[in-house]
1. Along the charge dipole of the protein assembly as shown, pointing to its positive end and built from +1/-1 on Cβ of Lys, Arg, Asp and Glu, which listed residue (A:Gln3, A:Val117, B:Pro150) has its Cα farthest out?
2. Quick check for me: using +1 on Lys/Arg Cβ and -1 on Asp/Glu Cβ, what's the dipole size of chain A about its Cα centre, in debye to the nearest 20?
3. Please work out the FRET efficiency for the pair B:Arg200 and B:Asn174, using the Cβ-Cβ distance as r and a Förster radius of 22 Å; give the result to the nearest 0.05.
4. Would you look at the GNM of chain B, springs on alpha carbons closer than 10 Å, and say which of B:Leu193, B:Leu32, B:Leu24 moves the most?
5. Just to confirm, what accessible area per residue do you get for chain A at 1.4 Å probe, in whole Å²?
6. Rounded to the nearest 5, what is the percent of antiparallel bridges among the DSSP beta bridges in chain A?
7. Amide H of B:Ser111: which non-local residues (sequence gap of 5 or more, or other chain) have their own amide H closer than 5 Å, using H built in the peptide plane?
8. Treating the point 7 Å from Cα along Cα-beta-carbon as the label, what are the nm separations from B:Arg200 to the other copies, to one decimal?
There are 2 protein chains.
Amino acid sequence: MVQISGLYAIIDPSRCSNASGSGLETIARAVLRGGASVIQLRDKSSSGRQRFSRAQLLRSICRDFEASFIVNDRLDIALAVGADGVHLGPEDLPVRSARAAVPDDFVIGASAGTPEVANRLENQGADYLGVGAIYEARPSKGDASPPRGPEALGAVVDAVDIPVIGIGGINAENAPQVIAHGACGVAVIRSLLGADDPERAARQLVDAIR
Amino acid sequence: MVQISGLYAIIDPSRCSNASGSGLETIARAVLRGGASVIQLRDKSSSGRQRFSRAQLLRSICRDFEASFIVNDRLDIALAVGADGVHLGPEDLPVRSARAAVPDDFVIGASAGTPEVANRLENQGADYLGVGAIYEARPSKGDASPPRGPEALGAVVDAVDIPVIGIGGINAENAPQVIAHGACGVAVIRSLLGADDPERAARQLVDAIR
């Protein structure tokens with residue numbers, strides 16, 4: 001089974017033009033050089049064909065770095081490119097149905113806000129859980145609800161046996177708090193994609209997690 | 001292998017309020033009573049979870065009528081609900097990649113406008129082809145190009161060994177022309193979803209195809 005822990009970098013192609021104008025591949029390689037252990041492709045607006053092409057590209061780059069590769073939402077694209085897994089949100093395919101359609105070693109991640117949801121998703125076959133937003137609402141998810149804080153993550157960690165990662169407003173300053181509450185890793189978008197130097201930003205996050 | 005022929009009814013939930021206000025299930029049952037042999041769910045705007053629920057519903061209804069059930073675009077949803085197959089357009093997952101990810105008896109349909117494209121898709125593993133628009137541009141596909149006419153379908157039929165169905169502006173009056181050019185069936189949206197009596201409209205189409 002692929003390990004989901006450490007720095008989990010979420011790459012959204014629509015947000016991949018940082019100050020130095022880097023594209024998808026440049027940013028992916030930079031965060032992997034900086035020590036990210038997982039890349040997730042989150043692509044909400046492109047056609048299936050475009051997502052497939054981007055997923056193929058990231059799949060190949062992650063192999064170069066022996067990093068795990070996860071596709072958000074689209075299980076079919078994850079399977080078609082040989083990704084390590086899929087991440088399913090509450091509006092995506094149900095975890096139980098996805099589990100029944102994939103090989104045992106294919107990773108299914110899911111999003112949980114509370115111990116009750118976390119328990120249910122674990123029972124349905126989720127391999128890891130993302131809990132958020134920890135520090136701030138996620139503009140990337142149109143999420144207007146208030147941040148849950150690292151304590152909410154701690155409650156989920158206590159409730160399940162599968163790995164839990166934190167997401168939402170996490171940076172090198174607050175990442176140690178998330179880990180201290182039991183997370184095995186942190187998922188990050190803004191602190192990486194918005195950084196002038198994504199490699200350096202990734203390295204600082206990896207150092208902060210250790 | 002499931003048979004793709006006869007009346008192939010495309011059900012788009014966003015177009016399922018006809019004059020009598022029928023919903024998805026009512027219309028599906030009506031066109032199946034009328035003799036449709038295939039139902040395709042085409043759902044371009046809903047969340048993955050909603051598409052999954054609708055696909056589950058249609059999967060179950062099609063079983064009652066021993067009709068085939070195809071999901072447009074989303075291979076993962078097709079697999080998760082146990083559909084008979086998926087239909088992939090040019091903006092969807094490539095046929096070759098989909099073929100590699102599914103069981104041999106899972107049907108993959110694809111859209112071809114010319115013999116060249118048709119040959120390529122057959123070689124990539126497509127089980128049947130849809131050719132269109134035969135009679136009019138498809139507002140459902142944002143398709144502004146002129147209709148190809150039944151002769152274009154005939155050229156595709158001559159070029160491949162897999163079944164070919166026509167689509168685009170087909171009704172009970174012109175369906176016999178499409179069949180006469182070698183189609184094994186006709187795919188229909190408007191003539192069914194827009195009909196006051198979808199069951200009767202389906203029956204007229206089935207009679208016209210025979």
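The values are calculated or read from the model by the stated rules, or taken from the named source; none is laboratory data. Source: prediction; values computed, not measured. Positions of Cβ are generated from backbone atoms using ideal geometry, with glycine treated the same way; all protein chains shown enter the neighbour counts. These accessible areas exclude ligands, DNA and RNA; they are computed on the full protein's heavy atoms, side chains included. Shrake-Rupley method; radii C 1.70, N 1.55, O 1.52, S 1.80 Å.
1. Result: B:Pro150.
2. Values: 21 positive and 25 negative charges, 112 e Å.
So the dipole magnitude of chain A works out to roughly 540 debye.
3. Using R0 = 22 Å, I get an efficiency of 0.80.
4. In the Gaussian network model the winner is B:Leu24.
5. Roughly 40 Å² per residue, with all protein chains present.
6. About 0 percent, rounded to the nearest 5.
7. Counting only residues 5 or more places away or on other chains, the set is B:Leu88, B:Gly130.
8. Nearest to farthest, the other copies are at 7.5 nm.
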